[in-house]
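In what follows, a structure is listed as structure tokens, so that the remarks can point back to it.
The values are calculated or read from the model by the stated rules, or taken from the named source; none is laboratory data. Everything numeric in this text was worked out from a predicted model, so none of it was measured. Every residue, glycine among them, receives a Cβ derived from its backbone with ideal geometry; neighbour counts consider all protein chains shown. Just so you know, the surface numbers come from the protein's heavy atoms only, side chains and all, with ligands and any DNA or RNA stripped out. Shrake-Rupley method; radii C 1.70, N 1.55, O 1.52, S 1.80 Å.
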Amino acid sequence: MSSDTHAAEHSGASVRTYSWVAVFLAIVTAVEVVVLFVDVSAWKTLVLWSLYIIMAVKFAYVAAYFMHLLYDDKWYTILFNIGLVIALGTYVALRLMIDPIDGLPGSKYRSVESVEVFRGEEAARAYAIELGLETAVAAEAPVPAAADTESPGEQLADAQVAAAAAAVDEAPTPAAGGDPEAGARVFTQLGCGSCHVVADLPGAVGTIGPKLDGLAAIAGQRVPGQDADAYLRESIADPNAFVVDGYMKVMPPMRGAMSDQQFEDLIAFLKTL
Amino acid sequence: MAQQAQAHGHSVTGMPNKKLMMWAFLASDCMFFGSLLSTYLLYRGRAIVGPYPLDVFDAEITTVSTFVLLMSSFLMVLALHAAQERKIKPFRLFTGLTAAFGLVFLSFQVYEFNHFINEGLKLGTSVFGSSFYVLTGTHGVHVAIGVLWLLSLLAWSYGKSPEFPEGGRIPDPLDVEVAGLYWHFVDVVWIILFTVVYLAEYVF
């Protein structure tokens, strides 16, 4: 292994070029970091996309120069790009499945609950109306009192806390008798259909939990000594107290996510199934 | 480039197998990080309990660690150059410095994770906690492996060889190059993480 062979092997950039690339990368990073100190909320989208473009440029420079792709056999670039494309494609596919973008594939198959989580209440109600699950004379909704600066996750947490607090504060007198139609709306708004099938509700197609058609007939027979009404209430407040054979203990307690009236409505609705 | 293959024996593709293998591995590692990053992005904003990102992020510190990793890539390039020029002192210096910068980056990560945990963000706290720690933790493990790799190259350079009568050996430049490719990839992943996980949080 003479030094000639190695010098000949090393084609491409000089140390000077690498140094300039390093300086370029450092300066670009410094520019990016400005967003940490400057309020850019007026140009959010522009800034975000600029950051992504800058990120792609930095990536390209490291790959082209430091990783030598610019000077090497093109097959290395091709191989690497295959990995990159699959990675990007995975993200796009997941995104379209889980948080669809209007007008693009997958956007028709959202649940009302996912719209509420991802787009907020207004959008969820509009979507429910579009699906025919709600009439335009809208019913109640959980209580968000969130400031604008909170993230959706924070707002959702606040709503749940507020609803739970409301449930706790009220005296334990039963609310007015439940309205099954309103109960169907509660069922949909809370996304119960993502785990339970209900034949008459479009979108109630989930198979993680038992099918609910025929529930009224069987509810009183699931747990010895527990009548249908008590069984239904327990299923919502403490779902893991009894789980139907063959299903997993994954249902979260849902009582805290609704007001007393909504709970009564939901129970009334479940009794019609 | 064909010369590189010839100096290392015949290969079917005309390219050295080690290098092709490393690029194939990096392509697969792209997909690995791609899925972890996708998970993080899809959970973004959906944590239902805090602490939330801006409660815990300290982007000034993260900026410093980003610079450190970026510069370590430059040092790695210099180490490879020294290996190609067969200059042992610069080789040891730059390899050692690259590993040292990697260790500095790791210590920043350890500090940051500790700080987050003290603020109440644990792996199981929320989807933010789990996706963040798995994503950045996986990256940290990659950096640690890189540091070990570089330190082993450094240690190896203290052996004996006919090339340096006074003592010392330089690895085959191809081996240093392959280690370098891994190291640059780890840097590139961090470039993406820094923008998408940290900077984006301050914008949106």
Do you know which residues across the stretch B:171-190 are assigned to a helix (DSSP H, G or I), over 18 Å from B:ILE145 (Cα atoms) and facing chain A (nearest Cβ under 8 Å)?
B:PRO173
Confirm whether B:LEU54 is open to solvent by 40 Å² or more (accessible area, probe 1.4 Å), among the hydrophobic types (A, V, I, L, M, F, W, C) and modelled with pLDDT under 95.
yes
A careful count of residues in the stretch B:61-94 that are under 30 Å from B:THR195 (Cβ atoms), more than 8 Å from every other protein chain (Cβ to nearest Cβ) and of a type outside the set (Val, Ile, Thr) gives 7
Of the numbered conditions (1) more than 7 Å from chain B (Cβ to nearest Cβ); (2) touching a residue at least 12 places away in the same chain (Cβ under 8 Å); (3) among the hydrophobic types (A, V, I, L, M, F, W, C); (4) under 27 Å from B:MET31 (Cα atoms), A:PHE24 satisfies every one except a single condition; which is it?
(4)
For the stretch A:57-87, enumerate the residues that are under 26 Å from A:VAL31 (Cα atoms), more than 7 Å from chain B (Cβ to nearest Cβ) and in contact (Cβ under 8 Å) with a residue 40 or more places away in the chain.
A:TYR61, A:TYR65, A:HIS68, A:LEU70
Does B:PHE164 satisfy being touching a residue at least 40 places away in the same chain (Cβ under 8 Å) and crowded, with 17+ Cβ neighbours inside 10 Å?
no
Quick check: anything in the stretch B:111-122 under 17 Å from the mean Cα position of the chain (by Cα) and part of a helix (DSSP H, G or I)?
no
All but one of (1) touching a Pro at 6+ places or on another chain (Cβ under 7 Å); (2) farther than 18 Å from B:THR125 by Cβ; (3) within 8 Å of chain A (Cβ to nearest Cβ) hold for B:HIS8; which doesn't?
(3)
Say whether the condition of being open to solvent by 70 Å² or more (accessible area, probe 1.4 Å), under 19 Å from B:LEU199 (Cα atoms) and at the interface with chain B (Cβ under 8 Å from one of its Cβ atoms) is met by at least one residue in the stretch A:35-56.
yes
Take residues that are under 30 Å from B:LEU174 (Cβ atoms) and modelled with pLDDT of 85 or more and tell me which of the helices (runs of 4 or more DSSP H) falling wholly in the stretch A:29-119 contain 2 or more.
A:44-61, A:74-98
Can you find a residue in the stretch B:134-152 that is part of a helix (DSSP H, G or I), within 14 Å of another protein chain (Cβ to nearest Cβ), more than 21 Å from B:SER65 (Cα to Cα) and open to solvent by 10 Å² or more (accessible area, probe 1.4 Å)?
no
Of the residues in the stretch B:91-112, how many are open to solvent by 50 Å² or more (accessible area, probe 1.4 Å), free of Cβ contacts under 8 Å to residues at least 40 places away in the same chain and either of a type outside the set (Val, Ile, Thr) or in contact with a Pro (Cβ under 8 Å, 6 or more places away or on another chain) (or both)?
4
Cβ-Cβ distance below 9 Å, separation of 6 or more or different chains: which pairs start in the stretch B:43-59 with a residue that is within 9 Å of chain A (Cβ to nearest Cβ) and end on one that is among the basic types (Lys, Arg) and not in a helix (DSSP H, G or I)?
B:PRO53/B:ARG44
Residue list for the stretch A:224-238, restricted to those being touching a helix residue (DSSP H, G or I) at 6+ places or on another chain (Cβ under 6 Å) and not in a helix (DSSP H, G or I):
A:ASP227
